[in-house]
Amino acid sequence: MNKEPLVIISGPTASGKSALSIKLAKMIDGEIISADSMQVYKGMDIGSAKITNEEMCGIKHYLIDVLDPTDDFNIFYFKEETQKAFNEIRKKGKVPIIVGGTGFYIQGFLYDIDFNESEGENNTLRNELTEIASQKGAGALHDILKEIDPLAADAIHENNIKRVIRAIEFFKETGKSITEHNEEMRMQSSPYNFAYFCLTRDRKKLYDGIDRRVDKMIGDGLVDEVKRLKESGLSRDNHSMLGLGYKEILDYLDGKITLEDAIYIIKRDTRHFAKKQLTWSRREKDVITVDRDDYSSDEEILSFMIETLKNKEIIR
């Protein structure tokens, strides 16, 4: 049976994934599925650097502006909705292109990893772990995960308490780390005929781009955006407000830090996040690394991508 075609463009924040993916989509008659954990939320535009309708250039995008900020975005929702989008794109005879930096989610869809095995029913353990987070803070809970599964701790932010708890629960229930489980699942072959591109570039250029992006967010009104979200009743209790840029500005609005400190922390933590994204992509099998500094233009990169897709018989 012939495998269905799939293109993936991943890479760290501010590596130019969106613009390049639109150019590629035009060349191969593709449509784009977003694998961004923040652009999925309605009304969270500036802090997520959400692509605009103008920037889409007529290319249909999926999984953008589909959830309210009060909703939780998780791997189960992503896999289900990505499959629906994939099927719709293929029915049109077009090529699905997944674009984003959330490697864990991309991996889950690409290898059809079954995460349901980690859905435990141990309420006693869950309540115990929730109490630790409540009494000692998210950092203390994250430290437990670091001891039993350092790779999972590196991939899951300490403020994402639900995912931290699930990773700890999985270990307690099975005696195996969730990283081990995911690695075993990942070794199975993908049901897709895919090309997985990961953009990268010189670290200093990447970090400079991140700093400029954060400055632009502030100039475009990030503080007002977070203020509006806060006034609507959102807080750190909402998963959406734990995103980079949102929780720091929320701390500023709550009088915990100055705006200058908030901007500094956003830039610093975004750089750290970009580093983790690169580390994740290097661990993935079958990834084709595309160093932007090796090419003089996007057109050269696109030529390489097109040649790769033809060699893999993803396009003709």
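The values are calculated or read from the model by the stated rules, or taken from the named source; none is laboratory data. Fair warning: this is a prediction, and the values are worked out from it, not measured in the lab. Using ideal geometry, Cβ is built from the backbone for each residue, glycine included, and neighbour counts are taken over all protein chains shown.
Some values worked out for this structure:
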quantity	calculated
Residues (within 14 Å of P96 (Cα to Cα), crowded, with 20+ Cβ neighbours inside 10 Å and touching a residue at least 60 places away in the same chain (Cβ under 8 Å)) located in region 29-73	G30, I32, I33, S34, A35
Unique match (being at pLDDT below 95 and assigned to a helix (DSSP H, G or I)) among E81, E121, E88, E117	E117
Count of residues meeting criterion [modelled with pLDDT of 95 or more, more than 14 Å from C198 (Cα to Cα) and of a type in the set (S, T, N, Q)] in region 1-37	1
Subset tally (residues that are of a type in the set (S, T, N, Q), assigned to a helix (DSSP H, G or I) and without any contact (Cβ under 8 Å) to a residue 24 or more places away in the chain) for region 296-309	1
Single residue of D65, D72, D45 found to be modelled with pLDDT under 95 and outside any helix (DSSP H, G or I)	D72
Output for region 128-145, where each listed residue is within 16 Å of R163 (Cβ to Cβ) and among the hydroxyl-bearing types (S, T, Y)	T130
Top-ranked residue of region 213-246 - restricted to ones that are under 23 Å from T52 (Cβ atoms), without any contact (Cβ under 8 Å) to a residue 40 or more places away in the chain and basic (K, R), ranked as surrounded by the fewest Cβ atoms within 10 Å (Cβ to Cβ)	K216
Given (1) assigned by TED's automatic domain parsing to the domain that holds I144; (2) within 21 Å of the chain's Cα centre (by Cα); (3) not in a helix (DSSP H, G or I), number of the condition K176 does not satisfy	(2)
Residues being under 15 Å from the mean Cα position of the chain (by Cα) and of a type in the set (A, V, I, L, M, F, W, C) - total across region 20-43	5
Lone qualifier among V287, V214 - being β-branched (V, I, T) and within 24 Å of K23 (Cβ to Cβ)	V287
Matching option when the condition is part of a helix (DSSP H, G or I), touching a helix residue (DSSP H, G or I) at 6+ places or on another chain (Cβ under 8 Å), under 17 Å from G16 (Cα atoms) and not assigned by TED's automatic domain parsing to the domain that holds E158, among D261, D251, D293	D293
